[in-house]
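The values are calculated or read from the model by the stated rules, or taken from the named source; none is laboratory data. Model, not experiment: these values are computed from the prediction. We place every Cβ from the backbone using ideal geometry, glycine too, and count neighbours over all the protein chains shown.
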Amino acid sequence: MSITHHPGEELLIAYASGTADEAVSLIVATHIALCPQCRRAVRAAEAAGGVLLEDLKPARISDGALKAVLSRLDSPVATKPPVAKAVTDSNVPEPLRSYIGGSLQAVSWIPVARGLAYRPLFRRGASRAQLVRSAPGAGIAMHTHRGEEFTLVLEGGYGDTTGHYLRGDLQSASAEIEHRPIADEGGYCFSLAVVDAPLSFRSSAIALLAKVMGL
Amino acid sequence: MANASLAAEPWPSSSPAWTRGPGRLAHRHLSLLRARVMDQETASAVRLDELLVAVGRLRDRDAFQTLFQHFAPRIKGYLLRLGAGASLADDLAQEAMLTMWRKAALFDPAKASAATWIFTVARNLRIDAIRRERRPEIDPEDPALVPDAEPAADAQMAQAGDESRLREALKVLSLEQVQVIEMSFFADKPHSAIAKELGLPLGTVKSRMRLAMARIRTKLGDLR
Ligand SMILES: [Zn+2]
């Protein structure tokens, strides 16, 4: 497998610095599980974070802070109950696997159009993450969007005017692009989509459904 | 071949000294030897790494205190830069130090410097405590994770050496490049907002980040 579409450097830095929101972080982290090259880039950016921290002007710590922390070193840690690990026969890598609780086949899909189904995962502020399942030859909805949209292929593939996308590939689409992705023949295409503004669908029926589903 | 390389090294190269119980002295010795040939910046980075290893393996309280004095004021400074109030920043700096104490056994100096590791602790704590979000992270043990193509021989290289090279890389970045990198770490803003604040097109900010990262990665020996 070779990944040809990678997140931009600015996304990797936003993830490493911790300024990316949870939805964007989820799609970047799932990409780097599949892409050693970007994983190394994130480590390099984290190392830059270490150097920046080292060079920061130290702030004055309150009196007694060290003593207070030393007195807590031996106090028992309130451990969270261990999270049941999601099934490992899934080819969905962490961290996404924990968000969906297992394999893509077991997800309860919501059909939204012919050959197209969604599963919203979560939304934080203006950002939302959702899973998309497209039947062979089906579209991944025709929409224009405000803000940016990121799509990570988990299984299968799709193509649009900008290129062809397979497992691990991450597509970034800015507001100006109106692309019409079509899933490859030969199997379902599963992807993770993150948008940082509500999608605006062309078809009013889909728009209504999207509204009902809170997409 | 193996003999030749062994002879060239004044210390056994089989496994890092800190992985063997009674080898702590050997490790100190090794660090001292290395420190002597490195510049002072690097030597102090090696010392911080060593202190963090001592906290993880030996629950060394003296080492913890030294690390606290070094890092707690920096973490507080980091949180202040990101807009936290003084008392919250102080509390979280203390929490970060406590987390460091509890998780120090996970620190691996072959993978990251102490400063980098502690940066990630502080970053995650801020996401959890201030933004109240989860931090999605890969699981290195995950069977679905695609492993590195070749376990690069240089991966074993002392991370502290990387850090001094990284410092060099940051020194030769243009002021504009340093500015966008700093803002992406210390201004809690998307790059579109950073661009607006600098009065630049988004594309310019992105290309500065790209150039800066390319420099950093070239210095780290990871050519894309
Ligand atoms: Zn990549």
Could you list, in sequence order, all residues of segment B:180-217 that are in contact (Cβ under 8 Å) with a residue 24 or more places away in the chain and farther than 23 Å from B:Ala114 by Cβ?
B:Val180, B:Ala187, B:Asp188, B:Val205, B:Arg208, B:Met209, B:Leu211, B:Ala212, B:Arg215
For segment B:104-113, how many residues are surrounded by 18 or more Cβ atoms within 10 Å (Cβ to Cβ) and modelled with pLDDT under 95?
3
Every residue in segment A:6-43 that is of a type in the set (S, T, N, Q) and more than 9 Å from the ligand (Cβ to nearest atom), please.
A:Ser17, A:Thr19, A:Ser25, A:Thr30
Listed residues B:Ser44, B:Ser113; which is of a type in the set (Ser, Thr, Tyr) and more than 8 Å from every other protein chain (Cβ to nearest Cβ)?
B:Ser44
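Out of the helices (runs of 4 or more DSSP H) lying entirely within segment A:19-136, which hold 3 or more residues that are touching an Asp or Glu at 6+ places or on another chain (Cβ under 9 Å) and of a type in the set (A, V, I, L, M)? Don't jump to the end; show me each part of the working.
Details: elements: A:22-34, A:36-55, A:65-72, A:96-100.
Correct list: A:22-34, A:36-55.
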Looking at segment B:176-206, which of its residues are in a loop (DSSP other than H, G, I, E, B) and within 10 Å of another protein chain (Cβ to nearest Cβ)?
B:Ala187, B:Asp188, B:Lys189, B:Pro190
Does A:Glu46 satisfy being at the interface with chain B (Cβ under 7 Å from one of its Cβ atoms) and either away from the ligand (no atom under 14 Å from the Cβ) or touching a Gly at 6+ places or on another chain (Cβ under 7 Å) (or both)?
yes
Considering only residues that are farther than 17 Å from B:Ala212 by Cβ and in contact (Cβ under 8 Å) with a residue 60 or more places away in the chain, look in segment A:7-27 and name the one that is surrounded by the fewest Cβ atoms within 10 Å (Cβ to Cβ).
A:Asp21
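Quick one: is B:Asp154 at pLDDT below 75 and either closer than 28 Å to A:Leu26 by Cβ or assigned by TED's automatic domain parsing to the domain that holds B:Asp108 (or both)?
Details: at pLDDT below 75: yes; either closer than 28 Å to A:Leu26 by Cβ or assigned by TED's automatic domain parsing to the domain that holds B:Asp108 (or both): no.
No, not satisfied.
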